[in-house]
Each structure stands twice: as structure tokens, then as C-alpha cells.
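J.: Pasting a structure here, questions to come.
The values are calculated or read from the model by the stated rules, or taken from the named source; none is laboratory data. Just so we're clear, the structure is a prediction, and the values are computed from it rather than from any experiment. Note that each Cβ is placed from the backbone with ideal geometry, even for glycine, and that neighbours are counted across all protein chains shown. What goes into the accessible areas is simple: the full protein's heavy atoms, side chains included, and nothing from ligands, DNA or RNA. Shrake-Rupley method; radii C 1.70, N 1.55, O 1.52, S 1.80 Å.
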Amino acid sequence: MLYIFKNYDELSCKAASIVSSQVILKPNSVLGLATGATPLGMYQKLKKIYEKGIVDFSNVVTFNIDEYLDLDYKNPNSYHYYMYNNFFNYINIQQENINFPPQVNGKVGDLYQEYDKRIEDKGGIDLQILGIGINGHIGFNEPNQELITCTHITKLSEDTINVNNGFFSRKDEMPNRAISLGIGSIIKAKNILLLASGKSKANIIAKIFNNKITTSNPSSFLKLHPNITTILDEDAAKFVS
Ligand code: GLP
């Protein structure tokens, strides 16, 4: 399903209505959450829907898709900080139902697979919210010759460092590694909600729709998913025919 809206506000309304419908229909939903600028409007609208008493998050379980490695959770650029300050602090989610990738220097195949197992034990992700990087990264699965299927440590690409270090007060403060759900973990979600806004995303969004799959564009693997809803604004949809 593809929705194209005039602007970011309308995109955010639609995204919030899809997430709240999911939670109303299944109060113990498992949500996969993303950070970044794109879902901010959606979180703001969800807060308002919650304040009106329309949706109850008390039984919802969340799994965040990624987090920087070696960054204090209190740092305003950490995804922990983002989630609590933009969403969790304003809704009735239970602390024990909030999950982030483990911040440990483990190896692929041990500690990180525990995160994937935790997701499976909760019955799998019902709805995975995704943004997209200008280079096609999903979570922090960066373009590469090989992609890792499960949760893992990833080295950030030049493109990502250039885009994201604008948010840090000092450029050298930005970690160059992160922990991310793998492409396999993401694809296992029952439903995916992909959001993209603005001209900078137009090229990469067009590539998702060109029917080719390549590890140099991790988002291209989303084409394999049977249940993906894409919500774009007109700028991001510019080259989608
Ligand atoms: C970030 C995050 C992703 C996010 C993407 C797009 O670096 N790791 O989870 O979806 O890049 O971010 P934005 O929405 O700010 O463009």
C-alpha cells in the first residue's frame, strides 16, 4: 500500500492513525520503533491521541531498531533520550515493556541474538516503523557487500556520519558505530510502515520502487515484504511513477 500526502503534517497524521489502530485492535501489540526526524510528527500526534483517551499503551511492548554504540543514554543525541523525551514520558507505557538493543561489546551470534530472541519470545513485531537514510540504510544497516540478518554492531558510513553529525555539538562526539536490528529481523515483522519526507529522500525512495534488490541499497529488501505500507509526502514521492 502506498500513500502520498501533500505535506509532512498529513503524513504524520496517517502514520499515527495506523499505529493507534494497531494498538486499539491489539492492545498488547509489539511495536518496532525508529528514531530520526521523520517519525517525530507521528510521535507528537500519538501523544495527542493518547491524551484524548483514545489509545492505551499499558500493554504495548516496544523494541527500538537501533542505538549508537558508546554514547551515554543521557546524551540528547542518543536514541534512548529521543524516545523518552519525544514519546515514552508522555504515554502510559510500562518501563519493563520498553526494549533497546543491548549496549554491550558482544559478538554477532551471542548477546545480540538475544535481542532477536527477546522479540520472538514476545511473538514477533506486529508493526515495524521505519525511516530511511539517503543512502538507503534501514535502522543502521548500511550499504555494503554483505548485509547481516540479525542484530549486530555496525560501522556507520561516511554518508550517515555526514548527515547525523550535524546534530552533535562537536563532530568528534558522534560515535562511528551503532547497534542495529539486522535486515532479517526487520523483514520478519508482520507489518512494516515506511515513512519518508522531503526532497533528499526522493532518489532513494524511487529505487525501492524499481524492483531491483541489492545490498548496496538495504532498503531494497523491503520489496520482499508482503505487508508494507509506505507513506510519503509529495517531495519524497517526486520520482515515484
Ligand atoms: C538514522 C537512523 C534511522 C533513521 C534514518 C533516517 O540515522 N539510524 O533509524 O530511520 O537515519 O533519519 P531521518 O528520519 O532523520 O532522515
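J.: For the stretch 150-171, what are the residues that are of a type in the set (S, T, N, Q) and under 16 Å from the mean Cα position of the chain (by Cα)?
T.: Answer for the stretch 150-171, where residues must be of a type in the set (S, T, N, Q) and under 16 Å from the mean Cα position of the chain (by Cα): Thr151, Thr154, Thr160, Asn164.
J.: Restricting to the stretch 38-73, give me the number of residues that are part of a loop (DSSP other than H, G, I, E, B), in contact (Cβ under 8 Å) with a residue 60 or more places away in the chain and hydrophobic (A, V, I, L, M, F, W, C).
T.: 3
J.: Still on this structure, I have one more. Scan the stretch 119-131 residue by residue and report those that are farther than 11 Å from Val61 by Cα, in contact with a strand residue (DSSP E or B) (Cβ under 7 Å, 6 or more places away or on another chain) and open to solvent by 70 Å² or more (accessible area, probe 1.4 Å).
T.: none
J.: If I filter the stretch 179-193 down to residues being surrounded by 18 or more Cβ atoms within 10 Å (Cβ to Cβ) and small (Gly, Ala, Ser), which single residue comes out as farthest from Phe221 (Cα to Cα)?
T.: The selected residue is Ser180.
J.: Another question, if that's okay. Scan the stretch 74-86 for residues that are closer than 21 Å to Pro102 by Cβ and either in a loop (DSSP other than H, G, I, E, B) or not aromatic (Phe, Trp, Tyr) (or both) and report the count.
T.: 6
J.: Give me the pairs, please: first residue somewhere in the stretch 138-157 and touching a residue at least 24 places away in the same chain (Cβ under 8 Å), second residue anywhere and acidic (Asp, Glu) and crowded, with 16+ Cβ neighbours inside 10 Å, beta-carbon distance under 7 Å, and either six or more positions apart or on two chains.
T.: Gly139/Asp66; Phe140/Asp66; Cys150/Asp116; Thr151/Asp116; Thr154/Glu142
J.: Which of the residues belonging to the stretch 171-189 are within 12 Å of the ligand (Cβ to nearest atom) and out of contact with any strand residue (DSSP E or B) (no Cβ under 9 Å at 6 or more places or on another chain)?
T.: Of everything in the stretch 171-189, nothing turns out to be within 12 Å of the ligand (Cβ to nearest atom) and out of contact with any strand residue (DSSP E or B) (no Cβ under 9 Å at 6 or more places or on another chain).
J.: Restricting attention to strands (runs of 3 or more DSSP E) lying wholly within the stretch 133-216, give those where 3 or more residues are of a type in the set (D, E, K, R).
T.: Here the list is empty.
J.: What are the residues in the stretch 6-37 that are more than 16 Å from the ligand (Cβ to nearest atom) and assigned to a strand (DSSP E or B), if any?
T.: Val30
J.: Testing Phe167 on (1) aromatic (Phe, Trp, Tyr); (2) open to solvent by less than 20 Å² (accessible area, probe 1.4 Å); (3) near the ligand (Cβ under 10 Å from one of its atoms), one condition comes back false. Which one is that?
T.: With respect to (1) aromatic (Phe, Trp, Tyr); (2) open to solvent by less than 20 Å² (accessible area, probe 1.4 Å); (3) near the ligand (Cβ under 10 Å from one of its atoms), Phe167 is out only on (2).
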